Amino acid sequence: MTPKDTSAAASGPGAPVLDAQGVSKRFGAVVALRDASLILNRGEVVALMGANGAGKSTFVKILTGALAPDSGHVRIRGAEARVASPAEARRSGLVPVYQEPSLIPDLDVAANLRLGKTPVAAFRHWVAALGIADLRLDDLIGRLPLATLRILDLARALAAEPDVLLLDEMTAALPTDLVDRVLSVVRAQADAGRSVIYISHRFAEIARLCDRATVLRDGATVGSLAITPGVEERVVEMMLGANPPRQSAAAQAARAPRAGTPRLAVRGLAAGNRLNDVSFDLHAGEVLGVVALEGQGQDELFDVLAGNRRALAGSVAIDGQTARLRHPADAIAAGLTLVPGDRSRALLMSRSVRENIALPLVARMAKWGVIPARNEAARVSAAIDRLQIDTRAQGEVRRLSGGNQQKVTIARWIAKGVETLLLFDPPRGIDIRTKRQIYALVRDLAAQGAAVLFYTSELGEVQQACDRAVVIFNGRVVDVIEAQEASEPSLMRAAYGLTSGDAARKAAP
Amino acid sequence: MSATLTPVTRLTRLLAQNPLIPLILLLAGLVLVLEIMQPGILSVFWIGNTIKVAIPLAMLAACQTLTMLTGGIDLSAGTVATITAFVMATLAPLLGVPEAVAIALACALLAGAVNGFGIAICRVHPLIMSLGTGLIANGCLLVYQRYVIATGTLIPDALVWLGTGRTWGIPNGLVLFIPFAALIIWGQRRTGFGRLLYAVGSNEGAARLSGVRSWQVLLALYTLSGLIAGLTGLILIGLVKTPSLSLALRLDLPSVAAAVVGGTSIFGGRGGYGGTIVGALILTVLTTMLTLLHMPEGARGILFGLIILAVTALYIRLTEKG
C-alpha cells in the first residue's frame with residue numbers, strides 16, 4: 001500500500017493523461033482533502049473509491065475545476081494545466097457526468113444540445129448505442145424518466161469526444177439492461193483510447209469495467225490496486241482502514257415466525273399508471289424486501305403506503321383494521337413511516353440536525369405548544385447515537401456528507417418510535433460502512449418487533465437484510481422468495497418476470 | 001484546530017453564527033454618524049422618540065417576518081392595521097371603548113383568516129392573495145367611512161398613553177412591545193408552531209412527509225398575522241392620534257424592508273424576529289438621518305432605497321459564508 005499513486009505512473013506508456021498530486025482542500029475547520037492523488041493513463045478505466053466523507057466529492061470537484069485546491073496540482077495531458085473553471089476543464093478534454101442530470105427540464109432535447117454546442121449526429125449515434133431507441137429531439141427534458149436523462153447526459157459527454165470521461169455513480173438510477181449497455185460502451189471507448197474515472201459503490205460493475213481502483217480514506221489517497229478477482233475485500237479494508245466486521249450469520253438465523261394478524265396487509269393495490277395489482281402481508285418482526293427493476297410501480301407503492309398519494313384501487317389493513325391513508329399524517333398515526341429514496345425530499349437542508357430529527361414530534365396540531373426540550377433532546381441524541389451520525393456540522397444538514405444525511409432521514413423515525421418502517425432504497429449512493437450500519441439497524445428494529453418494508457435496487461443486498469422478498473414486475477407481484485433462496489441470479493430472473501405466475505399466491509395466503 | 005484559523009475566518013464564522021452582531025454594529029454606526037452630523041442629538045429624549053416611532057414598524061414587521069419564514073408575505077398588513085384603527089376610533093363614541101376594540105380586532109382576525117383561507121386551502125400565492133385581500137379590505141373601509149362620517153371619533157386614553165406617553169423618558173409603548181417581542185422570539189424557537197414555520201418554509205414536501213398538514217400551519221399563521229396587524233393599528237392610532245384612511249399604509253413596504261434588512265430570507269426557512277427589531281430601528285434612524293439632510297422628498301426616497309439594497313447585500317455576504 002503505497003502512500004502515493006506512483007506505481008501506476010511508471011507502468012503507463014509515456015506521460016499520464018491526468019496526473020493529480022498532493023491535492024488538499026479545507027472548508028473552514030473541516031479538512032476535506034489532505035493529500036489526494038490520482039494518475040490516469042491513456043485507455044485506462046480507474047475506479048475512484050472511498051467511504052462517504054473520505055473526500056471523494058471534493059476531489060471530483062477539484063479535478064473538474066469546480067473548486068480550486070489549496071495546494072497540489074492537477075496536470076492534464078502532461079502539461080501543467082491549472083484548471084480554473086469547469087469550462088476550462090471541458091476544453092482541456094475532461095468531461096464529467098454527474099449523479100444529478102445536468103439537462104434543463106423546461107427545454108426540449110434539441111435546445112439542451114444547442115446550449116452545450118453538442119454535435120447532434122454524434123449525440124444520436126451514442127443515444128442509440130446506449131440502448132434508447134425511441135428518443136425524439138423535441139421531447140421535453142422534464143417529461144423524460146430519470147434513467148433516460150442519465151443516458152442522455154452520457155451520450156452528450158461522449159459526443160464531445162473527451163480524453164477523460166468522469167462518471168459519478170452513473171448506474172445508480174439505471175435498470176439492469178441499461179447498466180449492461182453503459183458498461184459495454186464505456187469499456188469499448190476505453191479500449192479505443194479514452195480514459196475514464198469511474199465512481200461507484202458497486203463492486204460487480206467495477207470488476208467488469210475497471211483496470212485499477214484508487215482508494216481515498218480521510219482525505220488522502222491510501223493506495224491503488226489492480227482489479228483482480230477477490231480484490232473487493234482488499235479495497236474494503238483500505239476504505240475502512242481496518243478489517244470490516246463480518247456480516248453476522250446470527251441475523252439470518254433468527255427468523256420471526258409469521259403467524260397471526262399481519263402488521264400490514266396490502267390487497268390489490270393500484271395507483272398511477274404503473275402500480276396495477278399488488279398484494280402482500282408484512283408481519284411484525286419481519287423485514288420484507290421489495291425487488292423490482294426501475295419503474296415497475298415500487299415508487300407508487302411506497303408513496304401510497306406513506307399516505308403521500310391516493311390509491312386507485314385496493315386496500316391496506318394495519319393490524320387487521322382497514323386504514324384510510326389520505327395524508328402522510330394519517331399513515332404516521334397508523335405507524336407507517338417512510339424514508340424516501342431521494343433524501344432531499346425528506347430533509348430541511350438549511351435547518352439543524354436536531355430540528356430535522358425532531359420534526360415528526362411537533363407535526364401534529366396538538367404538539368404546536370411548548371416543546372418539551374429535555375425529552376426532545378434525549379430522544380434526538382439517542383437516535384443520533386444509535387445511527388452514529390457524525391454531528392461535527394450539525395448546524396445545517398446540507399453540510400453533512402450524503403451518508404450522514406441519509407442517516408438523519410432514518411433517525412427521525414427512530415426518535416419518533418418505529419412500528420412499520422418503509423425504507424426506499426437507502427443504500428443508493430452511500431458507502432459500504434454506512435450500508436452495513438443500516439442493515440444491522442434494520443435487523444435490530446425487526447428483532448424489537450418492528451416491521452420493515454425494504455426496497456433495494458442492489459439485488460445482492462436482499463439476503464443480507466431481508467427475511468423474504470416480494471418481486472414486482474409491471475405493477476404486479478410476480479414472485480415471493482425466501483432469503484436463503486434469494487440469490488442474485490434468482491432475483492434477477494424473477495425481476496424480469498421470468499418465473500411462473502402461481503408463485504404470487506404465496507405472498508398473501 | 002482553532003489555532004490554525006486566521007482571525008478573518010474566525011470573525012466571519014462568528015458573524016455567521018451570530019447574525020445579530022453586524023446588525024447591531026451597523027445600528028451603532030448609524031447613530032454615531034447622526035451624532036457627527038448634528039452634535040448633541042443623542043439624548044434620552046431622542047432615543048425614546050426613535051423607539052416610539054420604531055415600535056409600530058417593528059410590530060408590523062412581525063407579520064412579514066413570520067410569513068416570510070414560510071416563504072410567504074403579508075402585503076395586507078398595513079391595510080388591516082389602518083382598518084382596525086379606523087373602526088376602533090369611529091365605534092368608540094357609539095359603543096364604548098372595550099366593544100370598539102373587540103370589533104376592530106375581530107375585523108383584523110377576519111382579514112387574516114381570509115388570507116389564510118386563500119393561501120392555505122386554495123393555495124393562492126401569498127403575494128397575490130394578501131395583495132387582493134388588502135385591496136378588498138381597503139374598498140370596504142371606504143364604504144364603511146361614508147356611513148360613519150357624522151359620528152365623530154374617539155381615541156381611548158389608554159392607547160394614547162401607550163402610543164405617545166413616557167415614564168421617566170422611556171416610552172410607554174415598551175410595556176406592550178417588550179412582552180410582545182419576547183413572546184414572538186420565544187414562540188419561534190421554543191414552540192412546535194414556531195418550528196413548523198421554519199419547516200414549511202425550508203421544504204414543504206419534507207414537512208408533509210413528516211406528518212405536517214401545512215394548511216393548518218398556514219391558516220393559523222395568516223390569521224395570527226392579521227391579529228398582529230390589528231394590534232399595530234391600535235398602537236399606531238395612539239401615536240398619530242388622528243384616524244385616517246392611509247394611517248399605516250406608508251408602513252407596508254418598510255415593514256417588509258425591516259424584516260429583510262434584519263436577515264429573514266424571503267424564500268423561507270431562515271431568519272427570526274430578533275433581527276427584524278434591529279432592522280426596524282435601523283430604518284427609523286436612517287429616516288431621521290435623511291430628514292436631517294434637508295433633501296427633497298424624491299432624493300430621500302432614492303437614497304433610502306439604495307441604502308436598503310446595500311445593507312441587505314452586504315449583510316447576506318457577511319453571514320452566508322463561514
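A few notes on this one:
- Residue that is surrounded by the most Cβ atoms within 10 Å (Cβ to Cβ), among those in the range A:336-365 that are free of Cβ contacts under 8 Å to residues at least 40 places away in the same chain and within 9 Å of chain B (Cβ to nearest Cβ): A:Ala363
- Residue that is nearest to the chain's Cα centre (by Cα) [pool: residues in the range A:72-98 that are modelled with pLDDT of 80 or more and farther than 18 Å from A:Leu154 by Cα]: A:Val74
- The set of residues in the range B:158-191 being on the phi > 0 side of the Ramachandran plot and aromatic (Phe, Trp, Tyr) consists of B:Trp168 alone.
- Listed conditions (1) closer than 20 Å to A:Ala366 by Cβ; (2) surrounded by fewer than 21 Cβ atoms within 10 Å (Cβ to Cβ); (3) within 8 Å of another protein chain (Cβ to nearest Cβ) are all met by B:Gly205, apart from (1).
- Residue within the range B:281-295 that is out of contact with any Pro (no Cβ under 7 Å at 6 or more places or on another chain), closer than 27 Å to B:Ala137 by Cβ and within 14 Å of another protein chain (Cβ to nearest Cβ) present: no
- Any hit, the range B:134-154, residues being part of a helix (DSSP H, G or I) and either under 30 Å from A:Gly369 (Cβ atoms) or in contact with a strand residue (DSSP E or B) (Cβ under 7 Å, 6 or more places away or on another chain) (or both): no
- Among the residues of the range A:181-205, the ones that are without any contact (Cβ under 8 Å) to a residue 60 or more places away in the chain and not aromatic (Phe, Trp, Tyr) come to 8 in all.
- Selection within the range B:131-150 - over 16 Å from B:Thr84 (Cβ atoms) and surrounded by 14 or more Cβ atoms within 10 Å (Cβ to Cβ): B:Leu131, B:Gly132
- The conditions of being under 24 Å from B:Ala77 (Cβ atoms), away from chain A (no Cβ under 14 Å) and free of Cβ contacts under 8 Å to residues at least 60 places away in the same chain are met by B:Val175.
- Conditions (1) within 19 Å of B:Gly211 (Cβ to Cβ); (2) out of contact with any strand residue (DSSP E or B) (no Cβ under 7 Å at 6 or more places or on another chain); (3) more than 10 Å from chain B (Cβ to nearest Cβ): number failed by A:Gly272: (1)
- Spans of helices (runs of 4 or more DSSP H) in the range A:129-226 with at least 2 residues over 30 Å from A:Glu461 (Cβ atoms) and at pLDDT 85 or above: A:146-159
- Residues (polar (S, T, N, Q) and either within 13 Å of chain B (Cβ to nearest Cβ) or in contact with a helix residue (DSSP H, G or I) (Cβ under 6 Å, 6 or more places away or on another chain) (or both)) located in the range A:392-420: A:Gln394, A:Gln405, A:Gln406, A:Thr409
- Of the criteria (1) free of Cβ contacts under 8 Å to residues at least 40 places away in the same chain; (2) aliphatic (A, V, I, L, M); (3) touching a strand residue (DSSP E or B) at 6+ places or on another chain (Cβ under 9 Å), which one B:Ile51 fails: (1)
- Condition met for A:Arg379 (out of contact with any strand residue (DSSP E or B) (no Cβ under 9 Å at 6 or more places or on another chain), of a type in the set (D, E, K, R) and buried (at least 19 other Cβ atoms within 10 Å of the Cβ)): yes
- In the range A:387-445, the qualifying residues are those that are farther than 28 Å from A:Leu216 by Cα and among the small types (Gly, Ala, Ser), and the one that is surrounded by the most Cβ atoms within 10 Å (Cβ to Cβ) is A:Ala415.
The values are calculated or read from the model by the stated rules, or taken from the named source; none is laboratory data. Since the model is a prediction, treat every value here as computed from it, not as a measurement. Ideal geometry is used to build each Cβ from the backbone, glycine not excepted, and the neighbour counts take in all protein chains shown.
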